[in-house]
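For reference, the structure is listed below as structure tokens.
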Amino acid sequence: MTITVNGLDELKKLAGSDLGTSEWIEVTQGRVDTFADATGDHQWIHVDPERAKDGPFGAPIAHGYLTLSLFIPLFTELLDVQGVTTKVNYGLNKVRFPSPVKVGSRIRLAGRLAAVEEVPGGVQITVDGTIETEGAAKPAAVLQSLSRFYA
């Protein structure tokens with residue numbers, strides 16, 4: 001369920017809050033192939049399902065950066081900040097990929113609003129995120145994302 005806040009003052013009150021989990025989304029071969037075309041990364045472990053069957057994971061896997069890029073659509077399911085003029089991805093403090101995402105798997109985001117800090121003209125939020133793979137013992141990605149919201 002999406003948490004909706006109106007303006008920076010309401011956002012500040014959420015600091016330290018658990019944001020819950022997004023819905024599951026499937027990582028399809030089509031999505032992996034599109035990402036490979038967009039980035040030029042056509043490594044066989046991602047785009048050759050027949051060869052990947054005999055690879056180290058027994059199936060093709062998503063690019064780590066594809067998994068990371070899905071943070072944004074998953075995050076928008078958790079938090080909607082209204083009453084601001086601009087929303088900007090500011091960067092990442094850290095990212096790890098503890099476990100690969102096999103094509104056909106479903107992933108979701110669990111998030112926590114770790115901090116809300118003042119910046120000139122707005123606030124910067126720090127989100128601790130875990131991208132989980134359905135049924136997997138380890139997460140697909142663990143990250144700390146920074147975003148800025150301007151009044």
Those residues of segment 128-142 which are in contact with a helix residue (DSSP H, G or I) (Cβ under 7 Å, 6 or more places away or on another chain) and either among the β-branched types (Val, Ile, Thr) or not in a strand (DSSP E or B) (or both), in sequence order: Ile131, Ala140
Residue count for segment 120-131, restricted to those that are closer than 22 Å to Val101 by Cα and buried (at least 20 other Cβ atoms within 10 Å of the Cβ): 3
Neighbours by Cβ (under 8 Å, 6+ apart or cross-chain): first from segment 82-109, under 20 Å from Leu14 (Cα atoms) and modelled with pLDDT of 95 or more; second of a type outside the set (A, V, I, L, M, F, W, C) and open to solvent by 90 Å² or more (accessible area, probe 1.4 Å): Gln82/Asn6; Gly83/Asn6
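Residues are listed down the side, and each one gets a yes or a no for (1) open to solvent by 30 Å² or more (accessible area, probe 1.4 Å); (2) of a type in the set (D, E, K, R); (3) touching a helix residue (DSSP H, G or I) at 6+ places or on another chain (Cβ under 7 Å):
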| site | (1), (2), (3) |
| --- | --- |
| Glu10 | yes, yes, no |
| Ala36 | no, no, yes |
| Gln43 | yes, no, no |
| His46 | no, no, yes |
| Arg51 | yes, yes, yes |
| Gly55 | no, no, yes |
| Ile61 | no, no, yes |
| Ile72 | yes, no, no |
| Phe75 | no, no, no |
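The values are calculated or read from the model by the stated rules, or taken from the named source; none is laboratory data. Source: prediction; values computed, not measured. No Cβ is skipped: glycine too gets one built from the backbone with ideal geometry, and neighbour counts run over all protein chains shown. These accessible areas exclude ligands, DNA and RNA; they are computed on the full protein's heavy atoms, side chains included. Shrake-Rupley method; radii C 1.70, N 1.55, O 1.52, S 1.80 Å.
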